[in-house]
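Report on the following structure.
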């Protein structure tokens, strides 16, 4: 009997020693999270396993369907909110929400059906990057204090008149068009909670984009690598892209002027948040340990932080903040990923190729969304 008791105690003791908190992450910051896990273990003796997931959408989809084990905590995007909402734990999130003063817009993004499904960590935003070397060669200066849409158009004309492509992006990008529609067209979701595309404002927006293309203000790049190659080779002066690119430019010593998206055109905000799948107290402690160093993370990876404060060490924070304040939160509803995005891409393609009028293209997109 004593032998069996000893074995049971040994097994239980071994289980405690081997127990660890599992933490799934994606996007930037793998090395930083692993270093924080080592620091946390040195201080508390608790082990946290950082697992980098390259394709979080696919991994979560498989796991939620029950074919794999869920982690204690996972970093998610807002468009994964519907997927994790039913199985997330609300109590850990509430503990942290009571401890820190979060940005209300980011915090409320992760509420679904009255439940705080996740709580925010940081946000990526869209920015306008200007090629400093090229603009200096053209003797063109961009004044950030005057920066808005009409000033942006004036600069595109000035650059074009000097024989250079002023701006470039994939003109059928639903991700970019979403912010343009919200700022320059009609609101994406109307007062009745419906998506209405066939409006006079949206028709005018499509015509404006088409005129920019005809006037040589923008060049349509089907593939982003082609656009980035042209930008880096000093063939394109400005590109609207996500804030994640700042690190890449810095690593290449490529000089860019980082500007917010020119208002009233809006940036699309892409927030990341922590979701708890267990009531593991160590997981809560570790995430709190991370949040205490949020400025370090956001300075290293150039993100907009979820916690309110004055952030003097985050590079380009003024442009990040201006874009965020003039931003539209990326929607979490599946109708956007399955309906709006593919519909808008097709509509823009057909209109810009001259195969449909603006009204016909928008009606075709509306019909597609209505079937979803």
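The values are calculated or read from the model by the stated rules, or taken from the named source; none is laboratory data. Just so it is clear, the structure is predicted and the values come from calculations on it, not from any experiment. Counting neighbours? That spans all protein chains shown, and the Cβs are built from the backbone with ideal geometry, glycine included.
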Of all residues in the stretch 141-155 being within 25 Å of the chain's Cα centre (by Cα) and assigned to a helix (DSSP H, G or I), the one that is nearest to residue 252 (Cα to Cα): 144
Failed condition for residue 177, given (1) modelled with pLDDT under 95; (2) touching a helix residue (DSSP H, G or I) at 6+ places or on another chain (Cβ under 8 Å): (1)
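For residue 340, state whether it is in contact with a strand residue (DSSP E or B) (Cβ under 8 Å, 6 or more places away or on another chain), surrounded by 15 or more Cβ atoms within 10 Å (Cβ to Cβ) and closer than 18 Å to residue 258 by Cα.
For residue 340, the condition - in contact with a strand residue (DSSP E or B) (Cβ under 8 Å, 6 or more places away or on another chain), surrounded by 15 or more Cβ atoms within 10 Å (Cβ to Cβ) and closer than 18 Å to residue 258 by Cα - is not met.
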Yes/no for residue 48 being surrounded by 15 or more Cβ atoms within 10 Å (Cβ to Cβ), closer than 20 Å to residue 331 by Cβ and modelled with pLDDT of 95 or more: no
Single residue of 322, 363 found to be in contact (Cβ under 8 Å) with a residue 40 or more places away in the chain and within 20 Å of the chain's Cα centre (by Cα): 322
Residues located in the stretch 160-184, provided they are within 14 Å of residue 213 (Cα to Cα) and either outside the structural domain of residue 365 (by TED's automatic domain parsing) or part of a helix (DSSP H, G or I) (or both): 160
Residue count, the stretch 83-118 (criterion: part of a helix (DSSP H, G or I), free of Cβ contacts under 8 Å to residues at least 24 places away in the same chain and over 28 Å from residue 243 (Cα atoms)): 2
Which listed residue, of 39, 30, is modelled with pLDDT of 95 or more, in the same structural domain as residue 276 (by TED's automatic domain parsing), surrounded by fewer than 16 Cβ atoms within 10 Å (Cβ to Cβ) and within 21 Å of residue 123 (Cβ to Cβ): 30
Boolean, residue 183 is crowded, with 17+ Cβ neighbours inside 10 Å, within 24 Å of the chain's Cα centre (by Cα), within 19 Å of residue 170 (Cβ to Cβ) and touching a residue at least 24 places away in the same chain (Cβ under 8 Å): yes
Selection within the stretch 240-288 - outside the structural domain of residue 100 (by TED's automatic domain parsing), in a helix (DSSP H, G or I) and crowded, with 22+ Cβ neighbours inside 10 Å: none
Answer from 108, 103 - the residue that is in contact with a strand residue (DSSP E or B) (Cβ under 8 Å, 6 or more places away or on another chain), more than 22 Å from residue 278 (Cβ to Cβ) and surrounded by fewer than 19 Cβ atoms within 10 Å (Cβ to Cβ): 103
Test: residue in the stretch 119-140 that is without any contact (Cβ under 8 Å) to a residue 40 or more places away in the chain and either assigned to a helix (DSSP H, G or I) or not assigned by TED's automatic domain parsing to the domain that holds residue 261 (or both): yes
Filtered residues of the stretch 322-336 (kept if in a helix (DSSP H, G or I) and surrounded by 17 or more Cβ atoms within 10 Å (Cβ to Cβ)): 322, 323, 324, 336
Subset of the stretch 32-48 [closer than 16 Å to residue 74 by Cα and assigned to a helix (DSSP H, G or I)]: 32, 33, 34, 36, 37
